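Here's the structure, in structure tokens; my notes come after.
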């Protein structure tokens, strides 16, 4: 490979630029982009740039634009700020050329919004949209970010068809082998590789009935075994205790073996799988465990046990083959039918974009489309190419690798040593295939990021092994520091020191490997102690980054898993060191999910004591064990909580869970309580993140609360770390130590890095998951082995793939630092199979290395580095000195406030205006009217609405029923269901059902004045003509009690009332229970549950008029009328109050106990001129 020079590289053909960490890959790409604009005179629409994440796309747009601006300024002023523009200035020295280039660059900047910079998925979507017919792309197809629900549906259907009705032994064996719906979903994801996927072996025909017959034969043999054991148990027990047998296997363990066999023969049927201890009863096993020159005990049962084991092994092998065939059939079915299922539902997932694009570009006649794309994009730059996969490479290669066109240009830019995203589908082996197919290959080997000692240390580590990254195709080239790099050096007490601090963790005292848990604890404490030491030196200005003291923001800890990050955060917090977590892990893996789940269960099922108390124990309410006990002892206290929960549940249902969340933070003091907990900032961030995602799901799907809970449970069961909106958010931007996952750190840089877990091997493959590996003999195609004869060899290849990625992860971690990196190795369990051990022992043998040999190997590296590496032993840290964050010092300046806050400005309501005149002033605008009662409802003697218990809960209950019913279908069963459900929800006896239903029938049958001399009833109202709980705000003029009373008394001069509220202006708000339209006229209604006494005559017109005046309800409905009139003026064309407004109804529900009559309903239709005067007095517009 040749060194890459952005100024002289040919702008044609298929090219590979192989970078290394910190060598200016993005700078090289931006330089090529500039040259295509200047030299090839291409427009920004003709230059296609492809990368692999949205974040990378945004970064490229920014960097390319900056490069164009710098070049434009250079050509205007004739002076360059970098080597590339200097060479371009020299090449285009004529005045006319420079003016032409300035014009070209001005056009590029003016049209920069049209730049073709996409993710690979974005490009494929653009291709399919622009060529919809060729791509068979359904119009208005919905692109979904999550297809988990559809995956579960597809897998469940396949599972039902293939396992329901199967012989029980097949299902039992499937569960033993962990072949379940979740493992099939893992297989389903492999189909994203499309035609590049290879599945082995080919299974012969297997019949479920044959398997059943084999099991029946095994059962018959097993039952003979059971009968023989029961008959000869005691002599068999003595035979197993024979001293001729190995005391290690038998001896004292015979009693347990006999007990286990007793339990086995008591089974009603053949257990599956058979227990492993049965092997010890087999004749051949007994012979193998007989002492030399001794006679093996004999008995027919031992031969029978041998037969049982042999038949069981044969059946197990046949069942494995059957399950392998089922899995292969599933993969083939999924590749064919799953895309059809999505197409049928008009859905597209990101992988479908790639598959569709691949199919389009490989169909018959696809060359015409490829030619169109080549003409549209003469030059293509592919960034982060190491993160490609076979499908993406095939798409790019089939279109843009046009060797018949000498002007076509395709550049692949990437670093195979940083290919660490296999879990996202990235495939380093696609990169290796591409590397063999290019016309020219270049390298970037000059580092602009890190100090020279650190670069030398990395060179020493990766240069020596023959294959540092396992595969010979991925080599390591020595990296040199850039002479002109401006890197602020790290100095400690005036000296630079080593670039790489290499810590060794010794084994146990007996020389054996240290357990992983003990190693983690030792390492974590050592890391935190070293951070505290560095910070103390920084505070004393003995540790400096350039001219600035080293502080928390200069330090990062790189981890592999979120659990490791949380452990470090906890330890740093105990040491008083502020920290923040950067993680690509999904928020749905966080503990806060369970708190939200308990909260929602409590809101939905607040009548159930267990759910209510569980919610109260969450940090949202913070009740401790003693508080919970008091609730259990005091039913009144518990009922108060239920009332609050019902109100919160109503808030959730009407305004969304985000509003509920903020209400809890403020009203319940949850913000202060949670912030005071350990990791409080992290928890608050996670709660807010979850609330936002839940709100989004509720709004997009119009979900009910129970559906929102179900959505949360589904998301937490299968979190998606790839979705950016799910990834854990940053909890603070203060000066903190950063704790970052290695995957998240790629592309970032930090002055001082700690890599405490570089010795780890990563998570093991779970049982039941497919064994997928890259087959070197088959052009590195990804191959799934479902049970071939070469399974063991293929498992070795899979483990090789894992080790190769671990080596690349190590490289990424070690190259994040600018000044110094700490990393750990040692005599730790399983560490011998890790990437660091591979660097020392590339041919194996790390497992046999001792506590003396391992440090000696480290010292040999350190000696060759000439001071760039320092190897030390990790010592146990007994106590970490508490760190105190330095507070800002100096004089605090503030600007004195000499103004006066106008206390009149507020958001007022009807309740605020009439507070002093009402008995029930503490209840707000949304709360129904009632006489307060703290008594819980008793089973009624009389069940009519007149006897319905008064109180807060009763009023809310009736309002909730009236919000849900359909007035035109009150006699339907649906109404009875709503009433019953609401009574149960509020804990009321169901005997009230009949009385409430009777009241509702009377309500809708009562004749009401239409305001034009005619009558109607509510049964004629269709749901679409009703608007319930209409909330309004309108700007309020400066209003005083005298001003409002003068307007009110102009309608009722005989009523002398008083109001007491401070002058107010700002906004007036309220909630109208019901607005409805009937025959072109609009009406408003309010439900009143006031208890005026148990006699029907109390609800006659005169009694209602007195109540209306006494409670200032006339002021309430006049305000409502003004609000509705203003609303209709804005929304209804040609609206006229006198023609279109029908009036106001106040329904006193207890007065509707008897069949339709005139009692229980108050009606008024204020004069239009009066409403106009009132609007003038109230409204500020």
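The values are calculated or read from the model by the stated rules, or taken from the named source; none is laboratory data. Bear in mind that the values here come from a model prediction, so they are computed numbers and not experimental data. Backbone-built Cβ (ideal geometry, glycine too); neighbour counts: all protein chains shown.
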query = Which of the following residues is out of contact with any helix residue (DSSP H, G or I) (no Cβ under 6 Å at 6 or more places or on another chain) and either within 17 Å of residue 458 (Cβ to Cβ) or without any contact (Cβ under 8 Å) to a residue 40 or more places away in the chain (or both): 811, 798?
reply = 798
request  = Looking only at the range 557-564, decide whether some residue is on the phi > 0 side of the Ramachandran plot and in the same structural domain as residue 759 (by TED's automatic domain parsing).
outcome  = no
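So that you can scan it fast, the table gives a plain yes or no per residue for (1) surrounded by fewer than 19 Cβ atoms within 10 Å (Cβ to Cβ); (2) outside the structural domain of residue 763 (by TED's automatic domain parsing); (3) part of a helix (DSSP H, G or I):
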site: 392; (1), (2), (3): no, yes, yes
site: 399; (1), (2), (3): no, yes, yes
site: 405; (1), (2), (3): yes, yes, no
site: 410; (1), (2), (3): no, yes, no
site: 423; (1), (2), (3): yes, yes, yes
site: 430; (1), (2), (3): no, yes, yes
site: 434; (1), (2), (3): no, yes, yes
site: 457; (1), (2), (3): no, yes, yes
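Consider residue 1005 carefully, then state whether it is under 29 Å from residue 608 (Cα atoms) and touching a helix residue (DSSP H, G or I) at 6+ places or on another chain (Cβ under 8 Å).
no
Any residue that is outside any helix (DSSP H, G or I), in the same structural domain as residue 1115 (by TED's automatic domain parsing) and closer than 20 Å to residue 1089 by Cα - is there at least one of those in the range 970-984? Let's see the steps before the verdict.
Narrowing the range 970-984 to residues outside any helix (DSSP H, G or I): 970-972.
Pick out the ones that are also in the same structural domain as residue 1115 (by TED's automatic domain parsing) and you get 970-972.
Pick out the ones that are also closer than 20 Å to residue 1089 by Cα and you get 970.
Yes: one or more hits.
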key: Which numbered condition residue 839 fails, given (1) outside any loop (DSSP other than H, G, I, E, B); (2) modelled with pLDDT under 95; (3) closer than 18 Å to residue 506 by Cα   = (3)
message = Of everything in the range 38-52, what is surrounded by 18 or more Cβ atoms within 10 Å (Cβ to Cβ) and touching a strand residue (DSSP E or B) at 6+ places or on another chain (Cβ under 9 Å)? Give them in sequence order.
response = 42, 44, 47, 48, 49, 50, 51, 52
remark   = Note: among 551, 595, 634, 591, just one is more than 26 Å from the chain's Cα centre (by Cα) and not assigned by TED's automatic domain parsing to the domain that holds residue 492, namely 634
The range 720-748, residues that are more than 23 Å from residue 56 (Cβ to Cβ), surrounded by fewer than 19 Cβ atoms within 10 Å (Cβ to Cβ) and touching a helix residue (DSSP H, G or I) at 6+ places or on another chain (Cβ under 7 Å) = 732, 735
note = Of all helices (runs of 4 or more DSSP H) fully inside the range 68-134, the set with 1 or more residues that are more than 30 Å from residue 55 (Cβ to Cβ) and assigned by TED's automatic domain parsing to the domain that holds residue 389 is 83-91, 95-110
task = Go through the residues of the range 763-786 one by one and say whether even a single one is more than 26 Å from the chain's Cα centre (by Cα), buried (at least 19 other Cβ atoms within 10 Å of the Cβ), modelled with pLDDT of 85 or more and assigned to a loop (DSSP other than H, G, I, E, B).
result = yes
task = Output the residues belonging to the range 337-386 that are outside any helix (DSSP H, G or I) and surrounded by 16 or more Cβ atoms within 10 Å (Cβ to Cβ).
result = 347, 348, 349, 377, 378, 379, 380, 381, 382, 383, 384
task = Tell me which residues, restricted to the range 1146-1181, are crowded, with 21+ Cβ neighbours inside 10 Å, modelled with pLDDT of 90 or more and within 30 Å of residue 1040 (Cβ to Cβ).
result = 1146, 1162
Flag if residue 236 is under 30 Å from residue 151 (Cα atoms), in contact (Cβ under 8 Å) with a residue 12 or more places away in the chain and either within 56 Å of the chain's Cα centre (by Cα) or not assigned by TED's automatic domain parsing to the domain that holds residue 792 (or both) = no
inquiry  = Looking for something outside any strand (DSSP E or B), more than 50 Å from the chain's Cα centre (by Cα) and surrounded by fewer than 19 Cβ atoms within 10 Å (Cβ to Cβ) - is there at least one such residue anywhere in the range 1119-1130?
reply    = no
key: Of all residues making up the range 860-917, the number that are in contact with a strand residue (DSSP E or B) (Cβ under 7 Å, 6 or more places away or on another chain) and either within 30 Å of residue 1037 (Cβ to Cβ) or modelled with pLDDT under 80 (or both)   = 7
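Can you tell me which of 320, 303 is surrounded by fewer than 20 Cβ atoms within 10 Å (Cβ to Cβ), closer than 22 Å to residue 769 by Cβ, over 26 Å from the mean Cα position of the chain (by Cα) and at pLDDT 90 or above?
Testing whether each residue is surrounded by fewer than 20 Cβ atoms within 10 Å (Cβ to Cβ), closer than 22 Å to residue 769 by Cβ, over 26 Å from the mean Cα position of the chain (by Cα) and at pLDDT 90 or above leaves just 320.
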query = Out of all the residues in the range 653-663, which are within 19 Å of residue 640 (Cα to Cα) and under 23 Å from the mean Cα position of the chain (by Cα)?
reply = 660
